[in-house]
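The values are calculated or read from the model by the stated rules, or taken from the named source; none is laboratory data. None of these values were measured; they are calculated from a predicted model. Methodologically, a virtual Cβ is constructed for each residue, glycine included, from the backbone with ideal geometry; neighbour enumeration extends over all protein chains shown.
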Amino acid sequence: MSKENILGIMNDLDTLLAISRNNGELLNGIMHVAGKSTGADAVLMNSNGKIVAGADNVPSNLKFQQNDFWYADKSLCDSVVKFKEPKSNINLGGKEKCCAAVIPVQGGSSFVFLKNNKEDKFSDDEMANAKLCANNVSLIMKQEQYENEKQSKRELKIARDVLNSLSFTEIDVISEVFDYIKDGEGFVVASKIADRNGYARSVTVNALRKLESAGVIQTRSLGVKGTYIKVTNNALCSEVSKLKKRK
């Protein structure tokens, strides 16, 4: 691989880092750079076949959509994610009918390259270009994993702190409130919860106000229908469940 070629790829990647607004945009940009430098369609997928970036580069007969996400066809996924080391010139049979290369990256994901003609092999220079782009993908995904772990720890601390600030009666009503929370949202009627627990309605209202002030939930009054609750802290539901088990 020539020095000029390396510098060209590095310049393209540096430009992406400067102009991309988020990791999704950055990863899709790297797919474009990788594809241009290898003469192949580049795609990043995880071990379950979920396409993380480069979905537009996968032929329609090799992908499907589920819950707003794109997934690689099972035959394609099974053919490439099994490799733990870089592998080039994989002849895919069946409906793929193409030549592939794969480079494992951070977190069990795979950086996959597809050439439409199965006779069109990957050269050593193209694989070197692919590995250079894959190194950048790994760095981005490591940073994202680190940031996600930091955010999870931050949310856990906030959830525990606000629950520890509640009185015994407030913990009782919040435990019951969360019986109505499904998939992070739900509706509650404070007066009904008060009647069942024998507490004043204000106990439920004050407990919800504390959670909302801490930023772990959002509420919206629906009048006589009750209160809509949306959980905004990913650690809150599991921490409330732990409290309920201790009761």
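What the table below lists for this structure:
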item	result
Index of the failed condition, residue 115 passing every other in (1) surrounded by fewer than 16 Cβ atoms within 10 Å (Cβ to Cβ); (2) modelled with pLDDT under 90; (3) closer than 26 Å to residue 62 by Cβ	(1)
Pair list, Cβ under 6 Å, 6 or more apart: segment 6-19 residue within 15 Å of residue 132 (Cα to Cα) and in contact (Cβ under 8 Å) with a residue 12 or more places away in the chain, other residue polar (S, T, N, Q) and surrounded by 12 or more Cβ atoms within 10 Å (Cβ to Cβ)	9/37; 13/136
Close pairs (8 angstrom Cβ cut-off, 6 or more residues apart or separate chains): under 22 Å from residue 92 (Cα atoms) in segment 120-139, part of a loop (DSSP other than H, G, I, E, B) and aromatic (Phe, Trp, Tyr) anywhere	130/122
Residue in segment 185-204 that is within 27 Å of residue 148 (Cα to Cα) and touching a residue at least 12 places away in the same chain (Cβ under 8 Å) present	yes
From the options 192, 182, residue that is surrounded by fewer than 13 Cβ atoms within 10 Å (Cβ to Cβ), basic (Lys, Arg) and more than 30 Å from residue 54 (Cα to Cα)	182
Complete set of residues in segment 3-46 that are of a type outside the set (Val, Ile, Thr) and under 22 Å from residue 89 (Cβ atoms)	5, 31, 34, 35, 36, 37, 39, 40, 41, 42, 44, 45
Any chance residue 168 is touching a helix residue (DSSP H, G or I) at 6+ places or on another chain (Cβ under 9 Å), among the hydrophobic types (A, V, I, L, M, F, W, C), modelled with pLDDT of 90 or more and over 29 Å from residue 50 (Cα atoms)	no
Meets criteria (closer than 26 Å to residue 154 by Cβ and assigned by TED's automatic domain parsing to the domain that holds residue 160) for residue 232	yes
